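Everything on this sheet refers to the single structure shown next.
The values are calculated or read from the model by the stated rules, or taken from the named source; none is laboratory data. Predicted, not measured: the structure shown is a model, and the values here were computed from it. Note: ideal-geometry Cβ built from the backbone for every residue, glycine included; neighbour counts use all protein chains shown.
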C-alpha cells in the first residue's frame with residue numbers, strides 16, 4: 001500500500017469515528033431531553049431537532065412546555081448551541097410568545113419580546129459567566145381580553161463568578177440587573193433600574209444547584225447576600241437600597257438595609273396607610289430625601305419598632 005493510500009485510509013477512519021461520535025452525542029442529547037418529559041417538573045417539545053454536524057450541536061425545541069403541578073409555561077421555541085471545541089460555552093435564544101398559566105389561581109400571563117438571548121460559560125464545573133438580554137418585552141394579562149401589564153425596552157441580567165470564597169468547593173457570585181424604559185400603568189414616567197449584589201459562599205459546582213437542600217447547604221457554609229446597590233429612577237422619583245442579608249440555620253433572614261428615597265411618599269401613601277408608608281420610607285429632610293434603616297430579624301422586617309412584613313423561611 002502506498003503512503004497516499006495509507007494516509008487516505010487513516011483520514012477515512014477518522015472521519016467515520018468522528019461522524020459516529022457526533023451522532024452518538026446527538027442521540028444522547030435527544031434521549032436526555034425526551035427523558036425530561038417524564039420528570040417533575042416536566043419539559044416537552046412538540047418538535048425537537050438537533051443539527052450542526054460536524055463541529056457543533058444546535059438544538060431547537062419547538063412549542064416547548066414546562067409543567068409543574070398547576071403551573072404550565074409554554075414557549076414558542078427554545079434554541080441552544082454548543083461548539084465541540086468549546087464545550088463549556090453555551091449560547092441560547094428564545095422566540096416569543098411565552099404563556100404562563102396557573103390552573104389553581106386562573107392566572108394567564110402572556111409575554112412577547114423582540115429578542116431574547118442568553119449565554120453560559122463555565123470554568124470546568126463552576127460558573128464563570130451567565131447572561132440574559134431581552135429587548136422589547138411586553139407582559140399582558142390574557143385571562144379574557146388581553147391588556148398590557150408592563151412594557152420594558154431593554155433588560156439585562158448577569159451572574160459572574162468571582163474569587164474570595166473561603167474554600168474551593170464554594171464560589172462568590174456577582175449578580176447584576178439593568179432595566180431601561182420600563183413602562184407601568186401605575187407610573188407616569190418610564191422606570192430605570194440598576195442592581196448589583198454579591199452572593200457569597202455559593203456551592204461552586206453547577207451540578208449541585210439542583211439539590212433539594214441547596215439553600216440550607218449554602219446557609220450552613222456562611223453564605224450572605226450583600227446588596228451593593230439597588231437603585232430605581234422614574235421621573236423625579238428615586239430610591240436606593242443597600243445592605244447585607246444573612247440566612248440562619250432555620251432558613252430565616254437576618255440583616256440590615258439602608259433605604260434612601262426621594263419623592264415616593266405620595267405614591268406609597270396611595271397604596272399603603274399613611275403611618276405604614278411613613279415607617280417604611282422614614283422622615284423627609286429639607287431637600288425631600290428620606291432615609292430609613294430597615295432591619296430583618298428572624299425574617300420579620302421592621303422599620304424601628306414597626307413590623308412591616310414577615311417572610312416565610314427559605315427552607
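General remarks:
- Test for residue 125: is it surrounded by fewer than 16 Cβ atoms within 10 Å (Cβ to Cβ) and touching a helix residue (DSSP H, G or I) at 6+ places or on another chain (Cβ under 7 Å): yes
- From the list 71, 59, the lone residue that is closer than 25 Å to residue 155 by Cβ, within 22 Å of the chain's Cα centre (by Cα) and surrounded by 16 or more Cβ atoms within 10 Å (Cβ to Cβ) is 59.
- With respect to being touching a helix residue (DSSP H, G or I) at 6+ places or on another chain (Cβ under 9 Å), crowded, with 18+ Cβ neighbours inside 10 Å and either at pLDDT 95 or above or assigned to a strand (DSSP E or B) (or both), residue 239 fits the description.
- Matching residues, the range 76-85, being more than 10 Å from residue 43 (Cβ to Cβ) and at pLDDT 95 or above: 76, 77, 79, 80, 81, 82, 83
- Index of the failed condition, residue 233 passing every other in (1) in contact with a helix residue (DSSP H, G or I) (Cβ under 9 Å, 6 or more places away or on another chain); (2) surrounded by 14 or more Cβ atoms within 10 Å (Cβ to Cβ): (1)
- If you check 138, 120, 132 for being touching a helix residue (DSSP H, G or I) at 6+ places or on another chain (Cβ under 9 Å), surrounded by 15 or more Cβ atoms within 10 Å (Cβ to Cβ) and without any contact (Cβ under 8 Å) to a residue 60 or more places away in the chain, only one passes: 120.
- Single unsatisfied condition, residue 214 versus (1) surrounded by fewer than 16 Cβ atoms within 10 Å (Cβ to Cβ); (2) under 18 Å from the mean Cα position of the chain (by Cα); (3) in contact (Cβ under 8 Å) with a residue 24 or more places away in the chain: (3)
- Taken over the range 34-47, residues that are part of a helix (DSSP H, G or I) and either touching a strand residue (DSSP E or B) at 6+ places or on another chain (Cβ under 6 Å) or farther than 19 Å from residue 67 by Cα (or both) amount to 2.
- Each residue in the range 171-220 was checked for being out of contact with any strand residue (DSSP E or B) (no Cβ under 9 Å at 6 or more places or on another chain) and part of a loop (DSSP other than H, G, I, E, B), and 4 of them qualify.
- Scanning the range 279-300 for residues that are surrounded by 13 or more Cβ atoms within 10 Å (Cβ to Cβ), over 13 Å from residue 264 (Cα atoms) and out of contact with any helix residue (DSSP H, G or I) (no Cβ under 9 Å at 6 or more places or on another chain) yields 293, 295, 296, 297, 299, 300.
- Hits in the range 160-194 - residues which are closer than 30 Å to residue 105 by Cβ and surrounded by 13 or more Cβ atoms within 10 Å (Cβ to Cβ): 175, 177, 179, 181, 182, 183, 184, 187, 190, 191, 193
- Taking residues in the range 31-58 that are in contact (Cβ under 8 Å) with a residue 24 or more places away in the chain, and partners anywhere that are in a loop (DSSP other than H, G, I, E, B) and surrounded by 11 or more Cβ atoms within 10 Å (Cβ to Cβ), the pairs with Cβ atoms closer than 7 Å and at least 6 places apart or on different chains are 55/84; 56/84.
- Boolean, residue 149 is in contact with a helix residue (DSSP H, G or I) (Cβ under 8 Å, 6 or more places away or on another chain), surrounded by fewer than 18 Cβ atoms within 10 Å (Cβ to Cβ) and either assigned to a strand (DSSP E or B) or touching a residue at least 24 places away in the same chain (Cβ under 8 Å) (or both): no
- Residue 309 being closer than 15 Å to residue 242 by Cα and part of a strand (DSSP E or B): no
- Qualifying residue in the range 111-119 (condition: farther than 25 Å from residue 180 by Cα and part of a strand (DSSP E or B)): no
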